[in-house]
Amino acid sequence: MSETGYDYRVVRGFAFSALFWLVIGLVVGLWIAFEMFNPALNLTPWLSFGRLRVVHTNGLGVGFGLSGIFATAYYMLQRLTRTPLPFPGLARAHLWVFNAAIAAAAVSLMAGMSTTREYAELEWPLDVGVVIMWVMFAINVFAILIRRQEKQMYISLWYLVSMTVTIAVLYIVNNLAIPLNLFKSYSIYAGANDANVEWWYGHNIVGFIFTVPVLAMFYYFLPKATGLPIYSHRLSIVSFWALIFAYLWTGAHHLMLTPLPEWIQTVAIAFSIFLIAPSWGSVVNGYYTLQGNWDQMRTNYLTKFFILGITFYGLQTLQGPLQGLRTLNAFFHYTDWVVGHVHMGTMGWVTMIISASFYYMIPRITGRELFSIRLANIHFWLILVGQFAWTVTMWIGGIQQGAMWKATNPDGSLTYSFLDGLTSLYPYYQMRFVAGIVYFIGILIFAWNIIQTVRQEPSTAAEA
């Protein structure tokens, strides 16, 4: 407990959970990246690509992503409301239930227990655990808002509230199922309706983990790190409401040119294109916050993380909506272009913002100076180079893949078989693996820097 009465124990617990699952998730990711051009690494069913791939996505998306979100959320909630956590014991229980659920999820998925629904692979007993964990978090969120000493709600709080409410609705609705036994259940939905509900969930669960709470961090930690007020609070509010309104209508852009009713596809396309505006509202807000102070990109190590992070967010929110257009979707969908698109967001936008938030937050909750700014700068350049090489490699490979799939001979037969297309991608998979190693080294430096920061003796300057 700090001298201000804020409880940072759970913040530190989730921060170290995030580092742990980040390293584990990336090790799994490197393994399956190697499997893509060396299938002999599918040593046992437990280590097969099909099982490890969902361990990778859940371990990083939920294990790392949500851990980082919970750590920064518990920090921001207390600071922005000027109110200590109402139920610190419940928050610590939330920490333990969360990590137990992630560990159980990893084991069950490696064992082959899966619903096969994208981003919702966990079987029903674990779904129940996830709901309990989320209720624990929500109780603290709304209790602290009710008791808050600061009456005005800054934009970051609005993003945290929307995440808390929306993920609860998404998760419960999509995961309604009829249990067959302890290890198997079947969704209550079927056919095209099942696909529609799944991608309403799938797209929005990604948005409300990888976009909404990360924007909350960006709006809080960018002004804190730079010492500059956010350019426009009004723009942040308008962007928030437009984003929340439009996002929930866009899931069907994952189902273009399928048996889904065409009017649903068209609605998804329209709202996807509309999403560019509120997304870029936040990008513009970030850029204009630095107007006249762009020298901070050179002098303030944190500024680089935040500005490059919001830049990748801007690129992501151009790519995503445009990929929803039927013509582009017909070419790019199911290719490795989409893999590159997703990882630009996770490896660039999400990881950069969480990293910078930790670099700002951890020294302040521990009363210590950051162990090494030089290491933080090395971390930045390694993950920037690694991420950029990774995603560009997949974009190029995806274009080649789509072109080979659609190439036809004069008689209308396919020019290339599926295996021809797959083996032609081996050089790109090898380059992706090398880029992943570069990125992973950057992450190890990040984890080492944070751990060494906490292990130091408290500094007088940091305490002051």
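The values are calculated or read from the model by the stated rules, or taken from the named source; none is laboratory data. Since this is a predicted model, take the numbers as computed values, not measurements. Glycine gets a Cβ as well: all are built from the backbone with ideal geometry, and neighbour counts include every protein chain shown. All accessible areas refer to the heavy atoms of the entire protein, side chains included, with ligands and DNA or RNA removed. Shrake-Rupley method; radii C 1.70, N 1.55, O 1.52, S 1.80 Å.
How many of the residues in the range 91-128 are assigned to a helix (DSSP H, G or I) and more than 21 Å from PHE20 (Cβ to Cβ)?
Residues flagged as assigned to a helix (DSSP H, G or I) and more than 21 Å from PHE20 (Cβ to Cβ) within the range 91-128 amount to 4.
Check whether at least one residue in the range 181-198 is part of a helix (DSSP H, G or I), of a type outside the set (S, T, N, Q) and under 21 Å from VAL10 (Cβ atoms), and report yes or no.
Scanning the range 181-198 turns up no residue that is part of a helix (DSSP H, G or I), of a type outside the set (S, T, N, Q) and under 21 Å from VAL10 (Cβ atoms).
With surrounded by fewer than 21 Cβ atoms within 10 Å (Cβ to Cβ), touching a Gly at 6+ places or on another chain (Cβ under 8 Å) and of a type outside the set (Lys, Arg) as the only criterion, which of LEU47, LEU30, LEU90 stands out?
LEU30
Looking at LEU77, LEU22, which is the one that is in a helix (DSSP H, G or I), of a type outside the set (Lys, Arg), open to solvent by less than 10 Å² (accessible area, probe 1.4 Å) and farther than 19 Å from TRP134 by Cα?
One residue alone meets the criteria, LEU22.
For every residue, the table says whether it meets (1) touching a residue at least 24 places away in the same chain (Cβ under 8 Å); (2) under 23 Å from the mean Cα position of the chain (by Cα).
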position	(1), (2)
THR393	yes, yes
LYS406	yes, no
ASN409	no, no
LEU414	no, no
GLY421	no, no
SER424	yes, no
ILE441	yes, yes
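Does the range 229-240 contain any residue that is outside any helix (DSSP H, G or I), β-branched (Val, Ile, Thr), closer than 17 Å to GLY281 by Cα and in contact with a Phe, Trp or Tyr (Cβ under 7 Å, 6 or more places away or on another chain)?
Looking through the range 229-240, at least one residue is outside any helix (DSSP H, G or I), β-branched (Val, Ile, Thr), closer than 17 Å to GLY281 by Cα and in contact with a Phe, Trp or Tyr (Cβ under 7 Å, 6 or more places away or on another chain).
Let me confirm something: among LEU60, LEU43, LEU52, which residue is farther than 30 Å from THR164 by Cβ and either in contact with an Asp or Glu (Cβ under 9 Å, 6 or more places away or on another chain) or modelled with pLDDT of 95 or more (or both)?
On the way: LEU60 fails: farther than 30 Å from THR164 by Cβ; LEU43 fails: either in contact with an Asp or Glu (Cβ under 9 Å, 6 or more places away or on another chain) or modelled with pLDDT of 95 or more (or both).
The conditions single out LEU52.
Please find, among TYR171, TYR159, the residue that is open to solvent by less than 20 Å² (accessible area, probe 1.4 Å) and in contact (Cβ under 8 Å) with a residue 40 or more places away in the chain.
On inspection, the qualifying residue turns out to be TYR159.
Does the range 367-385 contain at least one residue that is in a helix (DSSP H, G or I), open to solvent by 10 Å² or more (accessible area, probe 1.4 Å) and hydroxyl-bearing (Ser, Thr, Tyr)?
Within the range 367-385, not a single residue is in a helix (DSSP H, G or I), open to solvent by 10 Å² or more (accessible area, probe 1.4 Å) and hydroxyl-bearing (Ser, Thr, Tyr).
Let me spell it out: the conditions are (1) open to solvent by 20 Å² or more (accessible area, probe 1.4 Å); (2) in contact (Cβ under 8 Å) with a residue 24 or more places away in the chain; (3) not in a helix (DSSP H, G or I), and THR83 meets all of them except one. Which number is the exception?
(1)
Which of the residues that make up the range 241-257 are outside any helix (DSSP H, G or I) and either among the β-branched types (Val, Ile, Thr) or within 28 Å of PHE358 (Cα to Cα) (or both)?
THR250, the sole residue that qualifies.
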